[in-house]
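Chemist: Dropping a structure here in structure tokens format, bear with me for questions.
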Amino acid sequence: MLSFITEKESCWDRLKAEERPIFIYGMGDGALKIMSVFREKGIIVSGIFASDDFVRGHSFEGFRVHKLSEIEDMVEDFVVVLAFAAGYQEIVDKIHEIAAKHTLYVPDVPVVGHGLFTYEYCQEHAHKLRQVYDSLADDYSRKVYANIINFKISGKIEYLSAVTTPKAEIYKKIIKPGLNEVYVDLGAYNGDTIKELLEFTRGKYAEIYALEPDRKNFKKLSKFIDGMPNVYAHNAAAWCVDCELPFSAKAGRQSAINASADSYVAAKAVDSILGERPATIIKMDVEGFEREAIWGGALCIAHYAPKLMVSLYHRNEDIFELPLLIKSLNPQYKLYIRHQLYIPAWETNLYATV
């Protein structure tokens, strides 16, 4: 039924069967998540290394942090497990250089939520995965979809490099922004995606609505839009209804709604912000709460069919649940999936147009 999924053995199982030493490349949240799975599965970590700039006598989780060159001097043949996210060409090139010399895996761990994306997980959700695959608007989207799923199972970066699309191509060929857009930016951060859009519209737009829940990011956003006409910024999270939500502020892209947080932030629904008025483009990158944001804009999506740009990589289920939800709200949408430069499969996004 899922002939487009060719990887059956997870990278976790391959690592479990490894007889060579396994070294983790990177420190931080990603490494902690991976090491937690290693402990569950009985996979032994032989050591940690980091980029030369980050070593400087650090230790991490009881391991002295080495340079790669030090490990290469000590060990003849070993496996590298990448444990951080890379979205810049220079770092991606460095990772490919390491992969050319050593066996390298990039295990997929969800940004939000629990569980592992394995072939067994795909079998459990085979019907929905097939539905999405069959509903995609072009062959390239189907190739991207298949490659992203095979990457998430296997941890092999060649699946990503084979389907990486420049951002400009996505804007020019799929989104095709005009000079009179009503743009809703959910997860506006510091204004970077507003700036991105305006680069393709020569600075022209009708209205912009921006939501950013993190106070420090919102300050940067406010500074960026200062003096711009018809731009309405809200220090709020995107949600299905207007309310208040517990929020963990990290002053970066990983600030997120968190049930155990002590502080609260305002939350707003797109339909509430717009009232009866249409939007023409809605972008959603809201750290794993895209489903709630979609429901918050359900009336706009159903009645006005704005072009959508939606992150598909925060939760395991996003890759099938979000496309199916959007298609159920407005069956007229054509669905495209593209992956921009990033390791692991972050910046894998859904684009919907009519």
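Here's the yes/no breakdown for (1) crowded, with 18+ Cβ neighbours inside 10 Å; (2) aliphatic (A, V, I, L, M); (3) out of contact with any Leu (no Cβ under 9 Å at 6 or more places or on another chain):
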position: I273; (1), (2), (3): yes, yes, no
position: P278; (1), (2), (3): no, no, yes
position: E287; (1), (2), (3): yes, no, yes
position: E292; (1), (2), (3): yes, no, yes
position: A298; (1), (2), (3): yes, yes, no
position: A302; (1), (2), (3): no, yes, no
position: S311; (1), (2), (3): yes, no, no
position: F320; (1), (2), (3): yes, no, no
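Chemist: I'm checking my understanding of the structure. Among residues of the stretch 102-123 that are in contact (Cβ under 8 Å) with a residue 12 or more places away in the chain and part of a helix (DSSP H, G or I), which one is farthest from the chain's Cα centre (by Cα)?
Modeler: Q123
Chemist: Can you tell me how many residues in the stretch 225-240 are assigned to a loop (DSSP other than H, G, I, E, B) and out of contact with any helix residue (DSSP H, G or I) (no Cβ under 7 Å at 6 or more places or on another chain)?
Modeler: Going through the stretch 225-240 one residue at a time, the tally reaches 5.
Chemist: Evaluate the stretch 130-141: report whether one residue or more is of a type in the set (V, I, T), surrounded by 21 or more Cβ atoms within 10 Å (Cβ to Cβ) and either under 16 Å from the mean Cα position of the chain (by Cα) or assigned to a strand (DSSP E or B) (or both).
Modeler: Checked the stretch 130-141: no residue is of a type in the set (V, I, T), surrounded by 21 or more Cβ atoms within 10 Å (Cβ to Cβ) and either under 16 Å from the mean Cα position of the chain (by Cα) or assigned to a strand (DSSP E or B) (or both).
Chemist: Moving on. Given the conditions (1) β-branched (V, I, T); (2) assigned to a helix (DSSP H, G or I); (3) in contact with a strand residue (DSSP E or B) (Cβ under 8 Å, 6 or more places away or on another chain), which single one is not true for V184?
Modeler: Single failed check for V184: (2).
Chemist: Does at least one position in the stretch 331-347 carry a residue that is more than 21 Å from K143 (Cβ to Cβ) and surrounded by fewer than 21 Cβ atoms within 10 Å (Cβ to Cβ)?
Modeler: The answer is yes; a qualifying residue exists.
Chemist: Okay, next question. Restricting attention to the stretch 198-240, which residues are under 30 Å from K173 (Cβ atoms) and among the acidic types (D, E)?
Modeler: Across the stretch 198-240, the qualifying residues are E199, E207, E212.
Chemist: If you go through the stretch 142-164, how many residues are part of a helix (DSSP H, G or I) and on the phi > 0 side of the Ramachandran plot?
Modeler: Residues that pass the stated criteria total 0.
Chemist: Any chance you could count how many residues in the stretch 166-187 are assigned by TED's automatic domain parsing to the domain that holds P306 and either under 12 Å from T348 (Cα atoms) or touching a His at 6+ places or on another chain (Cβ under 9 Å) (or both)?
Modeler: 0
Chemist: Within the stretch 17-60, can you find the residues that are touching a Ser or Thr at 6+ places or on another chain (Cβ under 9 Å) and charged (D, E, K, R)?
Modeler: Listed by number, the residues that qualify are E18, R20, D52.
Chemist: Same structure, new question: Which of the helices (runs of 4 or more DSSP H) found entirely inside the stretch 244-354 contain at least 3 residues meeting this: over 22 Å from P110 (Cα atoms) and modelled with pLDDT of 95 or more?
Modeler: Passing ranges, in order: 270-274, 298-304, 318-329.
Chemist: Only one of (1) touching a His at 6+ places or on another chain (Cβ under 8 Å); (2) among the small types (G, A, S); (3) assigned to a helix (DSSP H, G or I) fails for S222. Which number is that?
Modeler: So S222 meets the others, but not (1).
Chemist: Does the stretch 168-175 contain at least one residue that is surrounded by 15 or more Cβ atoms within 10 Å (Cβ to Cβ) and either out of contact with any strand residue (DSSP E or B) (no Cβ under 8 Å at 6 or more places or on another chain) or on the phi > 0 side of the Ramachandran plot (or both)?
Modeler: There is at least one residue in the stretch 168-175 that is surrounded by 15 or more Cβ atoms within 10 Å (Cβ to Cβ) and either out of contact with any strand residue (DSSP E or B) (no Cβ under 8 Å at 6 or more places or on another chain) or on the phi > 0 side of the Ramachandran plot (or both).
Chemist: Okay, next question. Would you mind telling me which numbered condition in (1) under 22 Å from A146 (Cβ atoms); (2) more than 10 Å from the chain's Cα centre (by Cα) I294 fails?
Modeler: (1)
The values are calculated or read from the model by the stated rules, or taken from the named source; none is laboratory data. Just so it is clear, the structure is predicted and the values come from calculations on it, not from any experiment. Glycine also receives a Cβ, built like all others from the backbone with ideal geometry; neighbour counts cover every protein chain displayed.
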